[in-house]
Amino acid sequence: MSADAVPAFLLKGARHNADEFGNVNICGLMGMASFTDDMGKIRGEFKYLKSLFDKYSTSNIQHSVFSILSMGMSADYKIAIEEGGNMVRIGSLIFGERNYHQQGS
């Protein structure tokens, strides 16, 4: 499935299942950029996600109000904000890096 086909597939699924999952409300999109040091690639991915957000926020899907565009993490949140993100995930900046080698387990 191409990158352009995926959003259309998700939109079709959201419309098809809106009545079946009436207690589920879609409030936006969430995405993560590729794990790379290439800030241009990251910016491009965020721009693409923002374009999807803009497109689907006017799609008139039942049980949806697109108000949240969650993208960006501790390493790239500034780019995400510049590209239109309004929710970022910055746990590592607040709490520090994760310790995957816990002692005493």
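No lab work stands behind these numbers, since they all come straight from the coordinates. Worth saying up front: this structure is predicted, and the values here are computed from it rather than measured. All Cβ positions, glycine included, derive from the backbone under ideal geometry; neighbour counts span all protein chains shown.
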Note to self: Could you tell me how many of the residues in region 29-52 are of a type in the set (Gly, Ala, Ser) and either without any contact (Cβ under 8 Å) to a residue 24 or more places away in the chain or out of contact with any helix residue (DSSP H, G or I) (no Cβ under 7 Å at 6 or more places or on another chain) (or both)?
What the structure shows: 4
Item checked: Answer residue from region 50-96, given it is assigned to a helix (DSSP H, G or I) and basic (Lys, Arg) and is surrounded by the most Cβ atoms within 10 Å (Cβ to Cβ) among those -> 50
Item checked: Boolean, residue 102 is in a loop (DSSP other than H, G, I, E, B), in contact (Cβ under 8 Å) with a residue 40 or more places away in the chain and either in contact with a Pro (Cβ under 6 Å, 6 or more places away or on another chain) or surrounded by fewer than 17 Cβ atoms within 10 Å (Cβ to Cβ) (or both) -> no
Note to self: Quick check on region 29-49: of everything there that is under 9 Å from the mean Cα position of the chain (by Cα) and not in a loop (DSSP other than H, G, I, E, B), which residue is surrounded by the fewest Cβ atoms within 10 Å (Cβ to Cβ)?
What the structure shows: 30
